[in-house]
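Inspection log for the structure reproduced underneath, given as structure tokens.
FYI, it's all coordinate maths here, none of it is from the lab. Quick caveat, the model's predicted, so the values are computed rather than measured. All Cβ positions, even for glycine, are placed from backbone atoms using ideal geometry, and neighbour counts span all protein chains on display.
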Amino acid sequence: MEAATGHRRMPIEDRLHPSRAGTTGTRGGLVGESAMRCLLMLVGLVGLLAAAPETVRKNIKIANPRVQETTGPRAVLHVTIANIQGRADRLLRASTPVAESVAIWDQLGKQGAGLRIPGRAEFVIGSDLPRIELVGLTKTLSADASFHLLLVFEQAGKISVDVLVETASAIQQ
């Protein structure tokens, strides 16, 4: 069977059985499709990893720090902070060039005492308690921008992260 282009068509058996694909000397088939699927999956995974930045220092892991775009004076930090070891740590303070101060509220709603992170615990921080808020923003936070944030822990020390500025709809997902 010759196709109009002069290439042999792949027999149906080769298209249905991946172990036999490519044995007829034709191009394409399931091997090519399989390679393309793998490539697309790899590109998707790389995209997910890039969208979810993560920083690890000693016992603390910081993942996906982000804020909502705003022209107002405050912004809530959305971030996951995990203590990957058994010993507790404490977030003592934070600072950034885009805000006059960074307020930290603990699980009980107290401000100023830092945030205790128990051993082998993970906090998904957002609008509820515990909460981290950038106060007295010195500039407008526009979507797709980023800025530096320094977090200081009792045990892990200083951890610098890049915070992404997202649209309101992206934060709520």
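Just a few scattered comments:
- In this simple spin-label approximation, Ala103 and Thr70 carry label points 7 Å from Cα along the Cα→Cβ vector, and these lie 1.0 nm apart.
- Qualifying lysines (Cα of each under 16 Å from Cα of Lys58; at least 8 residues distant if same chain): Lys158
- The HN-Hα couplings worked out from phi for the stretch 77-83 by the Karplus form 6.51 cos²θ - 1.76 cosθ + 1.60 (θ = phi - 60°) are 7, 9, 6, 10, 10, 10, 9 Hz, whole numbers, x standing for Gly and Pro.
- Which of Ile171, Ser160, Ile60, positive extreme of dipole for the stretch 54-171 (C-beta unit charges): Ile60
- Under a 5 Å amide H cut-off, with hydrogens placed 1.01 Å from N, Arg93 pairs with Val152 among residues at least 5 apart or on other chains.
- Integer Hz, Karplus 6.51/-1.76/1.60 couplings in order for the stretch 129-136, x for Gly and Pro: 7, x, 9, 10, 10, 8, 10, x
- For Ala121, the amide hydrogen comes within under 5 Å of the amide hydrogens of Asn83, counting only partners 5 or more places away or on other chains and with H modelled in the peptide plane.
- If R0 equals 30 Å, the separation of the Cβ atoms of Ser146 and Val124 corresponds to a calculated FRET efficiency of about 0.90.
- Here the label points at Lys158 and Lys139, each 7 Å from Cα along the C-beta direction, are separated by 2.0 nm in the simple model.
- Remark: the Ala63-Thr167 segment gains 35.6 nm on full extension, using 0.36 nm per residue and subtracting the alpha carbon distance.
- Nitroxide proxy distance, nm - points 7 Å out along Cα→Cβ at Ser95 and Gln111: 1.9 nm
- Whole-Hz couplings from phi, Karplus 6.51/-1.76/1.60, listed for the stretch 140-152; x for Gly and Pro: 5, 9, 9, 3, 6, 8, 8, 8, 8, 9, 10, 10, 10
- Top positive-direction residue, dipole computed over the stretch 58-105 with Cβ charges, set Ser95, Thr70, Ile81: Ile81
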